[in-house]
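Trainee: Please see the structure below; I have some questions.
The values are calculated or read from the model by the stated rules, or taken from the named source; none is laboratory data. Values in this document were obtained by computation on a predicted structure and should not be read as measured data. Virtual Cβ from ideal backbone geometry, glycine too; neighbours counted across all protein chains shown. Accessible surface areas use protein heavy atoms only, side chains included; no ligands, DNA or RNA. Shrake-Rupley method; radii C 1.70, N 1.55, O 1.52, S 1.80 Å.
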Amino acid sequence: MLNKMLIYYHGTDGKSAQSILQSGANIDYGSGELGKGFYIGSSIWRAFSWAWHKAKEKKSSDYGVIEYHVNEEDFLQLKVLCKNRQSVESTFAYLRQTNQEKSKVFGNDAIWGPLVGKNIKDTYQIKFESPKGKEFINSQNKRILWP
């Protein structure tokens, strides 16, 4: 069987993009709809938009996008929690209410689900939250698209 490569993106600042490319992703800093971890998403536009808006908030023009080529067969060997839209929305609401967006982990290597929010359709995210998940994402082929 041929290994299928899935393409995902991570938006950040340019300095962090260089650091991730050289030293790897860190699961201890990120936060979001599914808690603490390192996130990648299926939409290049969303990754670029995220990075650009974060830079604008800091009054900076330093943003970066990393493209990941994820080996699907190897990814499915991880302990993955799959969530549907309703589950991600309720998880995000709960994490916001309990102020756990920067601390919650679920005990999986990765969590896969849709990106939720206003007018977001057919965009998916993967959060890596364990040492095994971190090792996996850091072993995948990647390149910086911006800067």
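Trainee: If I go through region 69-97 residue by residue, how many of them are outside any strand (DSSP E or B) and touching a residue at least 24 places away in the same chain (Cβ under 8 Å)?
Mentor: Residues that pass the stated criteria total 15.
Trainee: Of the numbered conditions (1) under 15 Å from the mean Cα position of the chain (by Cα); (2) farther than 21 Å from Val70 by Cβ, Asn99 satisfies every one except a single condition; which is it?
Mentor: (1)
Trainee: To continue, here is another question. In region 53-64, what residues are open to solvent by 60 Å² or more (accessible area, probe 1.4 Å) and either outside any helix (DSSP H, G or I) or in contact with a Pro (Cβ under 8 Å, 6 or more places away or on another chain) (or both)?
Mentor: The answer is Lys58, Lys59, Ser61, Asp62.
Trainee: Sticking with this structure for a sec: Take region 98-121 and flag every residue that is within 14 Å of Glu33 (Cβ to Cβ), open to solvent by 70 Å² or more (accessible area, probe 1.4 Å) and without any contact (Cβ under 8 Å) to a residue 60 or more places away in the chain.
Mentor: Residues satisfying the conditions are Trp112, Lys118.
Trainee: Quick check: is even one residue across region 86-93 under 15 Å from the mean Cα position of the chain (by Cα), more than 17 Å from His10 (Cα to Cα), open to solvent by 80 Å² or more (accessible area, probe 1.4 Å) and not acidic (Asp, Glu)?
Mentor: Checked region 86-93: no residue is under 15 Å from the mean Cα position of the chain (by Cα), more than 17 Å from His10 (Cα to Cα), open to solvent by 80 Å² or more (accessible area, probe 1.4 Å) and not acidic (Asp, Glu).
Trainee: Moving on. Could you please find all residues in region 17-52 being open to solvent by 40 Å² or more (accessible area, probe 1.4 Å), part of a helix (DSSP H, G or I) and under 22 Å from Glu101 (Cα atoms)?
Mentor: Arg46, Phe48, Trp50, Trp52
Trainee: When you look at Lys127, is it in contact with a Gly (Cβ under 7 Å, 6 or more places away or on another chain) and in a loop (DSSP other than H, G, I, E, B), yes or no?
Mentor: Considered against the rule, which asks whether it is in contact with a Gly (Cβ under 7 Å, 6 or more places away or on another chain) and in a loop (DSSP other than H, G, I, E, B), Lys127 comes out as no.
Trainee: Is region 75-87 home to any residue that is under 20 Å from Arg143 (Cα atoms) and in contact with a helix residue (DSSP H, G or I) (Cβ under 9 Å, 6 or more places away or on another chain)?
Mentor: yes
Trainee: Can you name every residue in region 1-15 that is open to solvent by less than 70 Å² (accessible area, probe 1.4 Å) and closer than 22 Å to Leu115 by Cα?
Mentor: Across region 1-15, the qualifying residues are Leu6, Tyr8, Tyr9, His10, Gly11, Thr12, Asp13.
Trainee: Among the listed residues Gly11, Gly41, Gly37, Gly30, identify the single one that is in contact with a strand residue (DSSP E or B) (Cβ under 6 Å, 6 or more places away or on another chain), within 18 Å of Gln125 (Cβ to Cβ) and at pLDDT below 90.
Mentor: Every option except Gly30 fails the conditions.
Trainee: Next question. Determine which single condition Asp74 fails, assuming it passes every other condition in (1) within 13 Å of the chain's Cα centre (by Cα); (2) within 19 Å of Glu135 (Cα to Cα).
Mentor: (1)
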